[in-house]
């Protein structure tokens, strides 16, 4: 035990709060749409790629079928992280970084603790949103499983957009052709999604394999600006911009993404699997939809996150509750190609 007569100085607390990674949300799902209903509908209108029919001038026109409209209905997930703080915790514990004597008053410590809990609650929701976005892009399906809920949100990704390389086609094989794969995927996105792919998001092993490939190394030669450049830049914790390559005449920004989370067993998991590659477009119709907050205190108003705090009298406890009904939705799912490459 330290001698109370020793002189000591308490320096500023070192906080190691894990950064809430929202790389996918910020890059692809920047459009936010809260609604005041439990479900979200969207009409998918497929464009017409047919050619106008040839007919003689004296022959009547040929009737063509109207385009088809598909209505998709999604039920956003519901999340409710909650914190509890007792009066004894505030009184018995000094604030982080505060001197053992003096320092913030109990009232000030209570306010600091409240602010920390609100920030923590919002961070857990954003992390869940990022996980949902990763699931939608990687598999086309978002599993919603928890206390009282067990269903899936199916975004309707075509099987032709889910690719699993094998054998010598794997990027970890010296004879593989990653550039050829990427060119084929760019064309697939253009054909089915009607947008130009401009982003390639890679898991750790996929990114390492890509950069070790001799063909890619030659293409990334910084002297060959016509083909591409490589200049790794850390955009945020867990996300690194590796450079730009050109495929089918389109510039593709390549990112290495190792964002992670802890599952219910405390095991660290990657948002994007280490062996995965996701090609898509920042121009595609991806939205952050939010269902209604099912709490009368929210005023029945559409919002992304609702936070409230209240006290119980006996025993004296203050609760902080955050609620949200998030749905990061790649509505233009044909603009996504998800592949296992190593």
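No lab work stands behind these numbers, since they all come straight from the coordinates. Computed from a prediction, not measured in an experiment: that's the story for all the values here. Here the Cβ is made from the backbone with ideal geometry for all residues, glycine too, and neighbour counts use every protein chain on show.
Summary table
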read-out	value
Rh by Kirkwood over Cα pairs, then Stokes-Einstein D for region 260-342 at 1.567 mPa s and 4 °C, µm²/s	78 µm²/s
Extended-chain gain in nm, criterion 0.36 nm per residue less alpha-carbon gap, residue 84 and residue 26	17.8 nm
Gyration tensor over alpha-carbon atoms, region 152-194, equivalent ellipsoid semi-axes in Å	24, 15, 6
Order by protection proxy (mean Cβ within 10 Å, highest first), peptides 270-283, 312-325, 141-154	270-283, 312-325, 141-154
Peptides ranked, highest mean first, by Cβ atoms within 10 Å: ranges 113-123, 195-205	195-205, 113-123
Spread of Cα-to-Cα distances over 10 Å intervals beginning at zero, given as percent, for region 158-219	20, 52, 26, 2
Cα Rg, Dmax (largest Cα-Cα span) when computed across region 303-342, Å	20.3, 57
Exposure proxy ranking, count of Cβ atoms within 10 Å, fewest first, for 54, 286, 306	54, 306, 286
Estimated FRET transfer efficiency when R0 is 35 angstrom, pair residue 217-residue 73 (beta carbons, to 0.05)	0.15
In nm, spacing of pseudo-spin labels at residue 39 and residue 248 (7 Å Cα→C-beta vector)	3.5 nm
Pairwise label distance in nanometres, residue 58 with residue 169, each label 7 Å out on the Cα-Cβ vector	5.5 nm
Packing rank of 131-140, 174-183, where each peptide gets the mean count of other beta carbons within 10 Å, highest leading	131-140, 174-183
